[in-house]
Amino acid sequence: MNTFFSDLYKKANTGFWPVVIAFAFLVVGTISVYLNPRSLFAFLTLLTTPVILYFMKIDTKVKVFIGLLLLIVILPVLGIRNIFYLEVIFQMAVFSALALGLNIVIGMAGLLDLGYVAFYAVGAYAWAIFGSKQMSLLHSIPGAAPANAEFFLDARWFWLFIFLGVGLAALMGILLGLPVLRVKGDYLAIVTLGFGEVIRVLALNLDKPLNLTNGPQGITPIQRPPLPGVVQALGNALTPLVGHVPTEAEIYNVFFYFLALIIIGIAIVVATRLEDSRIGRAWTAIREDETAAIAMGIPLVKMKLAAFAAGASFAGAMGAVYAANRTFVSPETFSFQVSIGVLTMVILGGLGSIPGVIFGASAVTLLNIQILQNFSLYLSDLRQSDAVIPIINFPWKNLSNQLDPAKYQKLVFGLILILMMIFRPSGLIPAARRQRELGDEKEAE
Amino acid sequence: MALLQTNNVVKRFGGLTAVNKMTFSVEAGKIVSIIGPNGAGKTTFFNTLTGIYTPEEGQIQFKDKSLLGLRPDQVAATGIARTFQNIRLFGSMTVLENILVGMHIQLKQGAVDTIFRSKKFNEEEKDAENRAKDLMEYVGLKNVGNELARNLPYGGQRRIEIARALAASPTLLLLDEPTAGMNPNESEDAIKLFRRIRDEKGITILMIEHDMRVVMGISEYISVMDYGEKIAEGSPAEIRADQRVIEAYLGRGAAVAHEQKV
Ligand SMILES: Nc1ncnc2c1ncn2[C@@H]1O[C@H](COP(=O)(O)OP(=O)(O)OP(=O)(O)O)[C@@H](O)[C@H]1O
Ligand SMILES: [Mg+2]
């Protein structure tokens, strides 16, 4: 049976077949999502296209063409038809960036960091505090904002704050690293976990003596960058494809989608280039054997700090983007569970594997915000029907409302972590080392 | 003046004095061996030289500078490279990458060069890769550059470790039982390799070795340790005739001394 499938795959993976298959998924997926914007199945079909592109033997030019077609034309158009998809993909990109960053720390350098969400929070709160009216409310108690409060900075400062988010998060990474890197393994995990909580609790309580974070209520409204005419024009260009004139909210969604796409693109390039360099090799060497690494002249503390800083910076950038996208941040968004979620993505995809963690982030995000939700909806539909569970004759109506799969995120994270650790510790797309042209292979023949 | 000079180096683990008053020197350009029964303190002595342990007492001078208080990476930067008794490779990196890690100190590329793939970066990487290939050939590794280090057989792994140490272009190479676990043919090759390293690259070699054929065949000078102390030193002929050495070995069981540790 197994060989049947692998033979079939081999046949499908030769000649022009891969291109045909990729196009088939692309076209069928696009049409079915277009006609049926609510169907999860249609959406999943479409999302299979990039997976096919990654795995099958297709000419690079064709890959790039299909990929760009999907990312730049199809997804925005479909996304405006069902705004939820842009949101899903935006979140996939956000979490992919987080996973790429955490992958540097855990996957490459082997440092178990359970407080990674803190860096995300730093980036988000940086823009939240300066990009909202919060600076004018420093002396007022939460909830009692005077009507004349002004935005502190012009919305265009947002662009700078993406970079500031990078810098601040990197700095936090170093500040955390300095005391923490003396401890190893489990201890490091505990200390970083504590650090993550400290940042969240600070956000929760820094509404006194100066109201910096507005406490548990969070900060809103946070400004979005003003969109120049070009983007408006793009919106108009989309009109015939979408079937109506896109609203401002829709255009903003497309804008954030593209912004996230650009950042994730940069993150991939940076992570890939770091990995394949003196710095990345030093990180991996530290992960593999600290004693040997230091004997080769690698300064452990410096390189570990660099890993913390580099990893944190990805989260910092995405934090600022997230704050602007939501126009709202609150401490709740930065709970320990997010750190665990990102860890789950990294482990599911493959520690140290850049394509792996992107896949992991996409899969877990999809599972989280769409598949579980859909399942919940399905259950609640059943509850309202007269159907019974066969054999045991249990009416769905009597099923407890407490049983809501969307609330079982933690369970799902836990299950994924356990199953992966037992059955496939190197992840779904395990890390592979770059193969070099060594030129001696042929002599051996 | 000796290349490496230690004076009364003492290293204790709690009540155990693993290295006791070691006064020892290595002349530049020589191949020097340290021998001694199991547990004599040889590896511990290496670890104090390379900064893994800080000695409780004594001085260590390398190229007329003190190594005391330096971290292992700083010691490495002064020109000392080493291999380990129980091979320590970066198992899930390729053979070539292991050797590139050995060049860490010499490579000058920074984060900005790396991210923007500057000309400097590309040239340096190309150059490093070529050097790594040369080193693989030099130590006799063929067609394994892209293999993961952990997948190589034992002898191959020993070679990688040596190539990785050579990649740092050291002045002094410390080898901790480099032929342990090798068959006589492999040991023979290893001896030739060590000679070439010294003769062609001018690298001074200090090694710990149990295999007497290797020790006597290659060393120009031998120090013998027992219970943390240096009990004898001299040329191979002198050591062979030294009463205390024979006692140290035979008295504590020649079998143990010849046991080849992995
Ligand atoms: N980290 C350590 N902590 C405590 N004791 C140690 C430590 N390292 C070594 N020792 C002890 O110090 C003594 C010297 O050990 P060392 O490894 O230096 O011996 P060696 O001469 O290299 O022996 P071998 O030939 O077996 O490699 C031994 O008694 C050993 O048990
Ligand atoms: Mg030893």
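Assuming charge only on the beta carbon of Lys and Arg (+1) and of Asp and Glu (-1), the dipole of chain B about its Cα centre is about 380 debye to the nearest 20.
Legend: mean number of C-beta atoms from other chains within 10 angstrom of residue C-beta atoms, peptide A:51-58, equals 0. Relative contact order of segment B:90-168, taken over Cα pairs closer than 8 Å and 6 or more residues apart, is 53 percent. Mean per-residue shielding of peptide B:115-127 is 2, counting Cβ atoms of other chains within 10 Å of each Cβ. The label-point distance for residue B:64 and residue A:5, in a model that sets each label 7 Å from Cα toward Cβ, rounds to 7.1 nm. Between the beta carbons of residue A:408 and residue A:44, assuming R0 = 25 Å, the FRET efficiency works out to 0.80 to the nearest 0.05.
A simple count of charges around residue B:55, restricted to other residues whose Cβ falls under 13 Å of its Cβ and scoring Lys, Arg +1 and Asp, Glu -1, yields +1. For residue A:79, neighbours were defined as the other residues whose beta-carbon sits under 11 Å from its Cβ, and their charges (Lys and Arg +1, Asp and Glu -1) total -1. With the highest mean first, a sort of the peptides B:193-199, A:180-186 on other beta-carbon atoms found within 10 angstrom per residue produces B:193-199, A:180-186. Net length available on complete extension from residue B:195 to residue B:1 is 67.6 nm, with 0.36 nm assigned per residue and the Cα-Cα distance removed. Over all pairs of different C-alpha atoms, segment B:88-136 has a mean inverse distance whose reciprocal, the Kirkwood radius, equals 11.4 Å.
Over all Cα atoms in segment A:88-344, the spread is summed up by Rg and Dmax: 19.7, 65 Å.
What is the sum of charges around residue B:23, taking Lys and Arg as +1, Asp and Glu as -1, for the other residues whose C-beta is under 12 Å from the C-beta of residue B:23? Surrounding charge for residue B:23 is -1.
Protection proxy ranking for A:232-239, A:89-96, using the average of other Cβ atoms within 10 Å per residue and placing the highest first: A:89-96, A:232-239.
Once you reduce segment A:265-313 and segment A:362-428 to the center of their Cα atoms, the two points are 39 Å from each other. Counting only Cβ charges, +1 for Lys and Arg and -1 for Asp and Glu, the dipole size of the protein assembly as shown around its Cα centre is about 740 debye.
Over all Cα atoms in chain B, the spread is summed up by Rg and Dmax: 18.9, 65 Å. Using C-alpha pairs below 8 Å separated by at least 6 residues, the relative contact order for chain B is 27 percent. Per-residue shielding of B:139-149, expressed as the average number of other chain Cβ atoms within 10 Å of the residue Cβ, stands at 3. Once R0 is set to 51 Å, what does the formula 1/(1 + (r/R0)^6) return for the Cβ-Cβ distance between residue B:143 and residue A:401, expressed as a FRET efficiency to the nearest 0.05? About 0.20, to the nearest 0.05. Each of A:316, A:335, A:293 was scored by the projection of its Cα onto the charge dipole of segment A:281-377, and the greatest displacement toward the positive side belongs to A:316; charges sit on the C-beta of Lys, Arg, Asp and Glu. Our analysis of chain A gives Rg over Rh at 0.99, with the two radii drawn from alpha carbon positions and Rh computed by the Kirkwood formula. Among A:261-269, A:212-220, sorting by the average number of other beta carbon atoms lying within 10 angstrom of each residue, highest first, gives A:212-220, A:261-269.
Subtracting the Cα-Cα distance of residue B:108 and residue B:122 from 0.36 nm times their residue separation leaves 3.9 nm of extension gain. Note on residue B:201: lysines with a C-alpha under 26 Å away, same-chain residues under 8 apart excluded, are B:30, B:42, B:63, B:65, B:108, B:126, B:133, B:142, B:192. Per residue, the convex hull spanned by the Cα atoms of segment B:1-130 measures out at 160 cubic angstrom.
Note on segment B:125-209: percent of Cα-Cα distances in each 10 Å bin, starting at 0 and stopping at the bin with the largest distance, equals 16, 53, 29, 2. When only Cα pairs below 8 angstrom with a gap of at least 6 residues are kept, segment A:203-283 shows a relative contact order of 12 percent.
Secondary structure note: in the protein assembly as shown, about 60% of the DSSP beta bridges are antiparallel.
Just so you know, all these numbers are worked out from the coordinates, no wet-lab data involved. What you see is a predicted model, and the numbers here were worked out from it, not measured in a lab. Quick reminder, even Gly has a Cβ in these numbers, built from the backbone with ideal geometry, and neighbours come from all protein chains shown.
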